[in-house]
1. If you wrap a convex hull around the alpha carbons of the range A:1-55, what volume per residue comes out, as a whole number of Å³?
2. Given a Förster distance of 41 angstrom, what is the FRET efficiency for D:Phe3 paired with A:Thr5, based on the Cβ-Cβ distance and rounded to 0.05?
3. Please state the charge dipole magnitude for the range D:37-149, taken about the Cα centre, from unit charges on C-beta atoms (+1 on K and R, -1 on D and E), reported in debye and rounded to the nearest 20.
4. Based on the alpha carbons, how large is the Rg to Rh ratio for the protein assembly as shown when Rh follows Kirkwood?
5. B:Glu79 label points, 7 Å along Cα→Cβ, one per copy: pairwise distances from this copy to the rest in nm, shortest first?
6. Of B:Lys108/C:Lys88; A:Lys108/D:Lys108; A:Lys88/D:Lys108; A:Lys88/C:Lys108; B:Lys88/D:Lys2; C:Lys88/C:Lys108, which pairs sit farther than 27 Å apart, going by alpha carbon to alpha carbon?
7. Since chains C and D are linked by a rotation, which residue in C has the beta carbon closest to its axis, and how far is it in Å?
8. For the range A:41-126, what number results from the quotient of the Cα radius of gyration and 2.2 N^0.38 Å?
Number of protein chains: 4
Amino acid sequence: MKFETYGDYAARTRASFDRQAAMRSMGIRIDDLAPGELWLSMPFNEGFTQQHGFLHAGVITSAMDTAAGFAAYTLMPEEAGVLTVELKSSFLAPARGQRFNFHARVLKPGRTLIFTEAVATAIDGENPREIARMTATMMVVQGRAGVTG
Amino acid sequence: MKFETYGDYAARTRASFDRQAAMRSMGIRIDDLAPGELWLSMPFNEGFTQQHGFLHAGVITSAMDTAAGFAAYTLMPEEAGVLTVELKSSFLAPARGQRFNFHARVLKPGRTLIFTEAVATAIDGENPREIARMTATMMVVQGRAGVTG
Amino acid sequence: MKFETYGDYAARTRASFDRQAAMRSMGIRIDDLAPGELWLSMPFNEGFTQQHGFLHAGVITSAMDTAAGFAAYTLMPEEAGVLTVELKSSFLAPARGQRFNFHARVLKPGRTLIFTEAVATAIDGENPREIARMTATMMVVQGRAGVTG
Amino acid sequence: MKFETYGDYAARTRASFDRQAAMRSMGIRIDDLAPGELWLSMPFNEGFTQQHGFLHAGVITSAMDTAAGFAAYTLMPEEAGVLTVELKSSFLAPARGQRFNFHARVLKPGRTLIFTEAVATAIDGENPREIARMTATMMVVQGRAGVTG
């Protein structure tokens, strides 16, 4: 699919991402972006594990949510903000690895709602392995005053 | 619903929760628990906000997921572990507040799968406000060797 | 929660429900309604079973989706329509029974989006049993021209 | 991904599908199948519309659920049955068309749980258009006695 963008969408997306303290705290950063797509990565971080020593499902979801939200954001008008309406994550395999990649893409853009999906991959030794999938609905919020979620 | 438990389920649940580094890093702790139920809370934490200064949707999901997972865990046999199969979160209102409460309960226990739900509430001044809801499927994993997710 | 309604919301809801051919074909009807709430029921119907002779999960979802959509509709302005953005169903127990009840309620109303949940119960002999749960996001569509989903 | 199958999986899948009265009633049939994949189709059917004359979201979900369930079933041992644990559908565009196609595939097989996804496409004149997406968790049930959902 070919998507329309507004102005310098890439700079706007990176600047908004940099305001997400949660991503900084978890050590997640942008690897790349394109219209309607975003790639994040995160090194394994002992501070965000669950009781078996794997990365916490909520942290994987945080990264997929952010990837999906900013993939949607790349298509939004300059004065708009993005909010997550809902998300669903499925955990296909244990989050075991030295490094984690998150790729999100827009399934269907819209003026009010943007449908997205994201995939999480663990790099464990030499083999990348898909560990989780998400679908999420993102909302376009016009103007800061409209920020409600 | 009246639920069956095994041995000192409360001590086991608290001990397993304490091994979740992610909860410690986010400042989330257990307020209370009962058979098939768990209450967590978290003070507002600037380190886990999104771009508008509210608590990150992924962090709220992390807390609801953990609350639901351990609500399920309270009903499991002594040698069993818990894994999240999938979760869906809906974000009803902005995560604005000084404090956040998370309550999870088991909807339906089972030998292999346990269905759960969780609710997140923000305490903003004097008014508690429901900000998010989750349903999640948890899996009972027998023995450490069986840990696969 | 106390909800605001517009005009004769009950007559409008019943009239719109009557235009759902799918409900008629499945033998599903309205038992009752209130602001932000709706109750449907359906007798067991051999024509809508799956391979084990239970009611099909998709049919249960159809009823929960409709219950939730019209629970949202009871709160909408007179010229508005309702569309399902997304839904998630969990199947807690086999859909075995002589009769099925579906209760939906609005979790959070909004100008654009309305969050809902629904519960399906099977009446098998004397014991009602919860068999499924759904959460769904509904969209308010202004004017027929705006119907997009 | 290359999947392992058991015996004449194709004949077993078609025979089990034929026992789904719900699919017959809705006019849905198998177009094709492969290990871990299934294609269904359905002509537009006025008897299964919602209040705007489009195909009911629950009917689309029924078809996606069945496609996903039988995609999982193609990979199961001979004596096993399949049950839907949970599903989430997103509705990307109105279900307007003369014909609807449903394609499902296994994302990750397992001994107990099988993760799947499905896509619904409307054929409206000459243009196929994606109208819905689903992810669902399927459960492998050993023996008829084990049928619990």
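1. Enclosed volume per residue, from the Cα hull, is 90 Å³.
2. In this case the efficiency is close to 0.60.
3. In debye, rounded to 20, the range D:37-149 gives about 180.
4. Ratio of gyration radius to Kirkwood radius: 0.94.
5. Ordered by increasing distance: 2.4, 6.5, 6.8 nm.
6. B:Lys88/D:Lys2
7. Of all Cβ atoms in C, the one closest to the rotation axis yields C:Lys88, 2.
8. Relative to the rule-of-thumb radius for its length, the range A:41-126 sits at 1.20.
The values are calculated or read from the model by the stated rules, or taken from the named source; none is laboratory data. These numbers were taken from a predicted model, which means no experiment stands behind them. Ideal geometry is used to build each Cβ from the backbone, glycine not excepted, and the neighbour counts take in all protein chains shown. Side chains included, ligands, DNA and RNA excluded: accessible areas come from the protein's heavy atoms. Shrake-Rupley method; radii C 1.70, N 1.55, O 1.52, S 1.80 Å.
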